[in-house]
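Working notes, beginning with the structure itself.
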Amino acid sequence: MKETILVVDDEKEIADLLEIYLKNDGYQVYKFYNGADAIQCIETQKIDLAILDVMLPDIDGFRICQRIREQFFYPIIMLTAKIEDVDKIMGLTIGADDYITKPFNPLEVVARIKTQLRRYMQYNQAAHIPSDKPLTAEHDISGLIVNKEMHKCTLYGKEICLTPIEFSILWYLCENCGKVISSEELFEAVWGEKYLDSNNTVMAHIARLREKLHEPARKPKFIKTVWGVGYTIE
């Protein structure tokens, strides 16, 4: 059975176009033109990925994204007519996984959906490994324990809920403990796409990770910034 995609956009032509492309690719689609109906769907239906327009007539896409992240970890792609970095950073910081600016090529959106779903499904498969399987892939850094096989992160014994992207970033840094990893390397390793100089995606996700780890912005204990170079865990 193909995955279920939630599409929320008050521009009927865009929502309808995405629905056509997604259904042609075999996906089941829930389509809404406002936030209230979308939230009702989120709470009553199984969703595998959400596409949210930022500007909606009642509830903006950022608030819907926050609502989803209170309960679910499936991928979220934000759509917007804005190009300001602050909007992109805000979306990524509150839990979005990708950001697409209008106008866009529907085929590119479908390709990004496939990428996000593939990563999410791999995350879920790893998360359901039988508990009696020996744990071999784990990092313990001063009380921060990251286990790849279980896709589980704990801080001083308390589990930290991470999205698949956040977990992948943290794992990559742990795998390269003591090394300084550039934003370019981190982006290409985690997202599997070419890094652009103006890309603030990594910075936004690092900020979100630090928030979840209760890291002080000026003196983080775990994820440290080496200015002009990149990030490191040591």
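Data overview
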item: Förster radius 45 Å - calculated FRET efficiency between D60 and M150, Cβ distance, rounded to 0.05; result: 0.80
item: Local electrostatic count, G35, Cβ distance below 12 Å [Lys/Arg +1, Asp/Glu -1]; result: -4
item: For the chain, size of Cβ-based charge dipole, Lys and Arg +1, Asp and Glu -1, in debye; result: 640 debye
item: Pairwise Cα inverse-distance average, inverted: Kirkwood Rh of the chain (Å); result: 18.6 Å
item: Accessible area of the chain belonging to carbon and sulfur atoms, whole % at 1.4 Å probe; result: 52 percent
item: Label-point separation, R118 to E11 (7 Å along Cα→Cβ), nm; result: 2.8 nm
item: Residue with peak Gaussian network fluctuation, the chain [Cα springs, cutoff 10 Å], from P216, P106, P75; result: P216
item: Relative contact order %, the chain, counting alpha carbon pairs below 8 Å whose residues are six or more apart; result: 13 percent
item: Cβ-Cβ FRET estimate between A81 and E211, R0 fixed at 22 Å, reported to 0.05; result: 0.20
item: Counted charge near R69, where neighbours are those whose Cβ lies closer than 15 Å (Asp, Glu -1; Lys, Arg +1); result: -3
item: Theoretical gain in end-to-end length, C161 to L107 [0.36 nm per residue, Cα-Cα removed]; result: 16.3 nm
item: Extension gain (nm, one decimal) between I20 and S182, 0.36 nm per residue minus Cα-Cα; result: 54.4 nm
item: 222 nm mean residue ellipticity, helices alone, for the chain (DSSP H n ≥ 4; -39,500 (n - 2.57); rounded to 500); result: -12500 deg cm²/dmol
item: For the chain, accessible area per residue (1.4 Å probe, heavy atoms of protein chains only), Å²; result: 51 Å²
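The values are calculated or read from the model by the stated rules, or taken from the named source; none is laboratory data. This is a predicted model, so every value here is computed, not measured. Because the Cβ atoms are built from the backbone with ideal geometry, glycine has one as well, and the counts that use them run over all protein chains shown. Heads up: the accessible areas ignore ligands, DNA and RNA and are worked out on the full protein's heavy atoms, side chains in. Shrake-Rupley method; radii C 1.70, N 1.55, O 1.52, S 1.80 Å.
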